[in-house]
Structures are given as structure tokens and as C-alpha cells.
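A short worksheet on the structure shown next.
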Amino acid sequence: MKKLLDVISGEMQAAFEAAGYGEAEASSQLGRITLSNRPDLCEYQCNGAMAGAKKFRKAPIMIANEVAGKLQGSRFFSQVEAVAPGFLNLKISEEFLKKYLQEMSAAEKYGLDMPAKPQKIIIDYGGANVAKPLHVGHLRSAVIGESIKRICRYAGHEVIGDVHLGDWGLQMGLIIIGVKERHPELVYFDESYEGEYPAEAPFTISELEEIYPASSARSKEDPEYKAQAMEATYKLQTGVRGYRALWRHMMNVSVADLRKNYSSLNVEFDLWKGESDVQDLIPEMVQYMKDSGYAYISEGALVVDVKEDTDTKEMPPCMILKSDGASLYNTTDLATIMERMRLYHPDQMIYLTDKRQELYFQQVFRCARKTGLVGPETELKWIGFGTVNGKDGKPFKTRDGGVMRLETLIRDTKEEMFKKIKEGREMSDEEAKTVADMVAVSALLYGDLSNQASKDYIFDVDRFTSFEGDTGPYILYTIVRIKSILAKYVEQGGSLAEKEGLELQAAASDAQKQLMMQLAGFNAMMESACEETAPHKVCAFIYDLANAFNHFYHETRILAEEDEKQKKSLIALLILTRDVLETCIDVLGFKAPEKM
Ligand code: ARG
């Protein structure tokens, strides 16, 4: 379905042409209509007469007047006004708006057109490291990645989400020697053992999560200890049986815990692959890079130059192997790219990490292109997100200055939400808890997603969990309000079934018209949120929509409306508003309760 702004811009363009401003190619954009930046004066505006003035050597107001003249009686506009120095101030016709919304209600996906050629997109997000607890820094990667996945899927693309676990590096060695120190008697460390290894893991997730930080801290002070960890990593990577068996336990225990944490944020991955999955591809890839002459030895290490003539800042070569022959983070990412090309041949690969990995991804992408691992038909995109800060503007920490675990953050938000839900509501603890959990997720997700990804933001539990303002709970509150009006309508004998003549009528008030215009922007918004991988656009849209709805609600008698046809029209509008809001929160990754 054509976007509303395109429809009316087309009409405007025709008016420019009819007024004699059509022939020049520069005029093709003259009819472009935008939302008004003076909503007190008009709903939409067109600045084409200003833009055309120079070209046609005419005062803009004269052009504007002529164009306005051509639009008198247009079925698209109820008002077209040329104002000094040459703007066209527009109001849309209520009748046209009504028809547009009727068509939108009946259309697949509320009029969002599906792409002629759907893309296959891989999103690499989450990025958890095995046996390391998720911390607040992991929130953004998971939440933004999940939303982009859902938005692109909704927009008709095939999207595969991969968590890309950090499961192969030094942290594995650190854990192995940590376990060994605590339980040297375990059979995994007996290198002469040839039997089956126990099916049960020798540790729980809490033990694992305790071992890693302790081991990691110690390795920083104790070079001997670090050397042991490196050796253990090497043994694991070269396939020593006991180490592999122990590693598999770590994977199982850790992945089960990660699944639990991610699913509490409604984050779901299609693939649970990790760095370890592509290790077998590395020798082949390295050989290829050497044979084709891209990789060469520099100071003992194997590198690929990725500098380009136009670079203004330093661009170090991409290191493929260290001088001791060990592979690196880069190596694994390149091998993963190679595997993804072979298995999926995607049109796009999108990565989400924090902003500090920018240079790293530039190097990796350039290397992948230069060496031909990725052809020009595949787009590589990196999205760097900003930091989650505390109210002091510094990275968010626990009260005693430690790293904030994601689990704790989620728990605290749920508790805060529970308190707010209990305040002034008659609800059993059990019901309040279910509702609070749902609303808390909206608070966290919306609090994050409503910011442009690249910006830092301040994590403020009080603000995020508030029922007022630009927050998740406010959006849910609005949806629940609509649901409860609809429920009352049914209680009073109304029916919401489609065949019940719930037909939208032309707006009967300004507030209703504002709401209808906001709804009509859905397809354009979703299209650009997908193209620009920008969940914050969905947030901005539903915040405006919720405001428009609440304003309408306060101005309008809905259930008390006496004219039956008008009442049904209002109910139809409520249904559409609810459905559009619920579609939007679904792509953001959360849901609304029935009551709150
Ligand atoms: N595990 C990494 C980290 O904690 C993030 C992985 C991001 N994805 C990637 N393909 N490199 O920094």
C-alpha cells in the first residue's frame, strides 16, 4: 500500500505540473510533502515553491498561489493555503484519511509493502562469553539485536540470529585451571585416563561464575598462573580428551543459564554457534590467504594489509595468526564469515557490539572483502552501541562499585515494578508479580531501545518504570486502557467480531483526526526502521501514537456515544490503535498484559 505522504505528494506534484512547473527535471521533487513543523498552523506542508523559485525566476509566493489554485476541490486536501514567503500549508481531507485507514485496517501488515526481493540477513548479537556472567554491557547487544531481527522479519526479510558465543579463548583455559586447582582429583586431569567421562558436570553455574573472575584476577598478577592457563587453552584447542570433556560441561551448564537469562528478556536466537564452531576452517582459510598472496609475515605474525589510500587515520594490518601460530579473535571472526557465506550466502551480515570495537570491525570487514571471503553482493554492517551509564554519567555499576550483573539488574527492575503495581491496586501478590514481570521487561527494553543505539544513555530505574512519560510502562498502560474499554463494550452487549459493521467513519473531532493521521504513518515508519536498522524509530512512533490516543480518549465520549454508527466507528479506531501498538511492541520484543 502506498505511503500516505507519497500519495499526497503525488497529488501535489501533479498540481505543480498542472501549474506549469513540471517540465524541468529539478521540479520532480517540488511536490514533496512533509509533516508540518508548525502543527498549530497546518498538518502537512510543502516547500516546493521556495525550492522552485530560483529555477523559474519567480517569487515563491506566486508559484505557491498558482499551485494552491490547482488544488482547490482536491479530494486529498481540505485546505491548501499559500502563505508568505511561499509555503504551502496543508490540511488533509477527513474523507480521504478515513478511506486510507479503512484500507490500512484491511491490508496485510497494515499496509506495509513486502520487499520485491526479500533479503537473507544474519544478525550476530548477544555475544555472550561462556562461563562469564552476563553483565549490564550485554543488555544492549541482546536487546537491540533482537529488535532489529524482529523488525526486519516483520518487514518481510529472512533473518537468522546467531548468538556467536565466546567459547574458545583464554577464558576457557582460565576456568580449566581454576577447576583443577579446586578439584585436582577429577578424572579430566588424568591424561592417561581412557574411559568414559561422567555425564554430570563437576560444577554448577554459580561455581563456574565464581571461578572465572577469581582465575582471571589471579592471572593478571601471577605470570606463572597465566602461563598455565595458556597451556590449558592450548591443550583444549589441540583436542586433549579430558579438557574437551570438561569444556563440554562448561558449555552445557553455561548455555542453559544463558538461555534462561536471554529468555527473561524475550531474546531468542536461531543459532547458538560460537567461536569454537569454526576452528576447523581456520587452517584452510589461512592457507588460502597465504596462497593468494594477501597474507604475509610481519614481525613473525601473519597479517593482511587493510589500509586504503583515502584513510585519514591509522589503519593497522589485520592480524591472522600470532607469531606463535595461535589464532585470534580476528581469525575466528573471519572464519565465521567464511562459514556463513558457505552455509547461507546472506545478502547482509549485521553485527552488534559496543562502540569500542569499531576499528576492529573495520579491519575484519576490509580483510574479508579484500581477500574475497565476501563478494560485493553481500553487505557487511556493524552497529556500535553506546554505554549504559549510571546517574553520575559513568558506566553503570553496583552500589559498591562492582560490575552490574544483568540478572541483578533485571531482578531489581522487577522488584521496583512490583512495588509500583501493588500501590493503589487491588491485586493478589501472584497476579501482581506476573504483571510486574511483564511491565518490567517493557521498562528495560523500551528504556534501552528508545535511545539511538550509538548514544550512551543513563539507566534510571525510577524513570524507566514510571507510568508517565516516554517509557515502556506508559505504552503498556495505554494498550491496557484500550483493552479495558473494548472489554466494557463487549460487557455492554457489543461485539468486536469483524462482520459487525465496525466501520471507521471520518474523524468527528480534531483529536480523532490527529490519532488517525498518526496511525496512517505506520507503514512509512516501519519501512524506515527496517532500512535504517533503527528500533528507536518504532519507540518514537508509539510514544506519539500513545499520546495521540490518550488525548483523544480524554476528549471523546466513547461508550457513551449515542449515535450507533459513530460509536462503532470509534470502536473500530480503538481496535486498530491497539493492534498497531501491539504489533510495534512485539517488534521491540515485549508484550502487554490484559490488566495492570
Ligand atoms: N564475545 C564478544 C565480546 O564479549 C562479542 C562478540 C561479538 N561478535 C563477533 N562476531 N565478534 O566482546
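Of all residues in segment 344-372 being in contact with a Cys (Cβ under 8 Å, 6 or more places away or on another chain) and of a type in the set (A, V, I, L, M, F, W, C), which is nearest to Arg405 (Cα to Cα)?
Looking at the filtered set, the residue picked out is Val364.
Asn252 - would you say it is away from the ligand (no atom under 16 Å from the Cβ), of a type outside the set (Gly, Ala, Ser) and within 31 Å of the chain's Cα centre (by Cα)?
Numbers: away from the ligand (no atom under 16 Å from the Cβ): yes; of a type outside the set (Gly, Ala, Ser): yes; within 31 Å of the chain's Cα centre (by Cα): yes.
When the stated conditions are applied, Asn252 passes them.
Output the number of residues of segment 116-149 satisfying the condition of being of a type in the set (D, E, K, R) and within 14 Å of the ligand (Cβ to nearest atom).
The total comes to 3.
Within segment 145-196, work out how many residues are closer than 30 Å to Lys109 by Cα and among the acidic types (Asp, Glu). Explain how you work it out, then say what you get.
Start the filter on segment 145-196 by keeping residues that are closer than 30 Å to Lys109 by Cα, which leaves 145-163.
Now restrict to residues that are among the acidic types (Asp, Glu): 146, 158, 162.
Final tally of qualifying residues: 3.
Scanning segment 192-207 for residues that are among the acidic types (Asp, Glu) and surrounded by 13 or more Cβ atoms within 10 Å (Cβ to Cβ) turns up just one, Glu207. Among residues of segment 180-191 that are surrounded by 14 or more Cβ atoms within 10 Å (Cβ to Cβ) and part of a loop (DSSP other than H, G, I, E, B), those with a Cβ under 9 angstrom from a residue that is at pLDDT 95 or above and among the charged types (D, E, K, R), sequence gap 6+ or separate chain, pair up as Leu186/Lys180.
Listed here are the residues, each with its yes/no results for (1) more than 24 Å from Arg153 (Cβ to Cβ); (2) in contact with a Ser or Thr (Cβ under 9 Å, 6 or more places away or on another chain); (3) modelled with pLDDT under 95; (4) of a type in the set (A, V, I, L, M, F, W, C).
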| position | (1), (2), (3), (4) |
| --- | --- |
| Ser484 | yes, no, no, no |
| Ser509 | yes, yes, no, no |
| Ser528 | no, no, no, no |
| Phe541 | no, no, no, yes |
| Phe552 | yes, yes, no, yes |
| Asp579 | no, yes, no, no |
| Lys591 | no, yes, no, no |
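In segment 41-156, counting only strands (runs of 3 or more DSSP E) that sit wholly within it, the ones holding 2 or more residues that are modelled with pLDDT of 95 or more and over 35 Å from the mean Cα position of the chain (by Cα) span 77-83, 87-92.
Against the conditions (1) over 30 Å from the mean Cα position of the chain (by Cα); (2) within 28 Å of Val435 (Cβ to Cβ); (3) exposed (fewer than 15 other Cβ atoms within 10 Å of the Cβ), Ala560 satisfies every one except (2). Can you tell me which residue in segment 157-177 is surrounded by the most Cβ atoms within 10 Å (Cβ to Cβ), limited to those that are small (Gly, Ala, Ser) and either assigned to a strand (DSSP E or B) or within 13 Å of the ligand (Cβ to nearest atom) (or both)? Looking at the filtered set, the residue picked out is Gly161. Set side by side, the residues Met417, Met438, Met427 differ, and just one is of a type outside the set (Asp, Glu), outside any helix (DSSP H, G or I), away from the ligand (no atom under 15 Å from the Cβ) and closer than 30 Å to Glu582 by Cβ, which is Met427. For Leu302, the requirement of being surrounded by 15 or more Cβ atoms within 10 Å (Cβ to Cβ) and either more than 16 Å from the ligand (Cβ to nearest atom) or of a type in the set (Gly, Ala, Ser) (or both) is met.
Please work out if Gln279 is away from the ligand (no atom under 14 Å from the Cβ) and more than 26 Å from Arg140 (Cβ to Cβ).
Numbers: away from the ligand (no atom under 14 Å from the Cβ): yes; more than 26 Å from Arg140 (Cβ to Cβ): yes.
Against the criterion (away from the ligand (no atom under 14 Å from the Cβ) and more than 26 Å from Arg140 (Cβ to Cβ)), Gln279 qualifies.
With respect to the conditions (1) assigned to a loop (DSSP other than H, G, I, E, B); (2) free of Cβ contacts under 8 Å to residues at least 24 places away in the same chain; (3) basic (Lys, Arg), Lys499 falls short on a single one, namely (1).
Every listed requirement among (1) within 16 Å of the ligand (Cβ to nearest atom); (2) within 24 Å of Gln279 (Cα to Cα) is met by Tyr197 save one, (1).
In a residue-by-residue description of segment 169-190, the property of being touching a Lys or Arg at 6+ places or on another chain (Cβ under 8 Å) and farther than 27 Å from Lys260 by Cβ applies to at least one position. Checking each residue in segment 313-338 for being surrounded by fewer than 17 Cβ atoms within 10 Å (Cβ to Cβ) and within 15 Å of the ligand (Cβ to nearest atom) picks out Leu328, Tyr329. The residue that is nearest to the ligand (Cβ to nearest atom), among those in segment 94-115 that are touching a residue at least 12 places away in the same chain (Cβ under 8 Å) and small (Gly, Ala, Ser), is Gly111.
Taking Thr378 as the residue in question, decide whether it is hydroxyl-bearing (Ser, Thr, Tyr), at negative phi and away from the ligand (no atom under 13 Å from the Cβ).
Values: hydroxyl-bearing (Ser, Thr, Tyr): yes; at negative phi: yes; away from the ligand (no atom under 13 Å from the Cβ): yes.
When the stated conditions are applied, Thr378 passes them.
Give the residues of segment 192-239 that are closer than 22 Å to Asp324 by Cβ and part of a loop (DSSP other than H, G, I, E, B), sorted by residue number. Walk me through how you get there before you give the answer.
Keep residues of segment 192-239 that are closer than 22 Å to Asp324 by Cβ, which gives 215-216, 219-220, 222-239.
The answer is Asp222, Thr238, Gly239.
Just a yes or no: is a residue in segment 428-439 surrounded by fewer than 24 Cβ atoms within 10 Å (Cβ to Cβ), aliphatic (A, V, I, L, M) and over 21 Å from Ala142 (Cα atoms)? The answer is yes; a qualifying residue exists. Of everything in segment 341-360 that is crowded, with 18+ Cβ neighbours inside 10 Å and near the ligand (Cβ under 10 Å from one of its atoms), the residue that is nearest to the chain's Cα centre (by Cα) is Leu352.
The values are calculated or read from the model by the stated rules, or taken from the named source; none is laboratory data. Not measured: the values here are computed from a predicted model. Backbone-built Cβ (ideal geometry, glycine too); neighbour counts: all protein chains shown.
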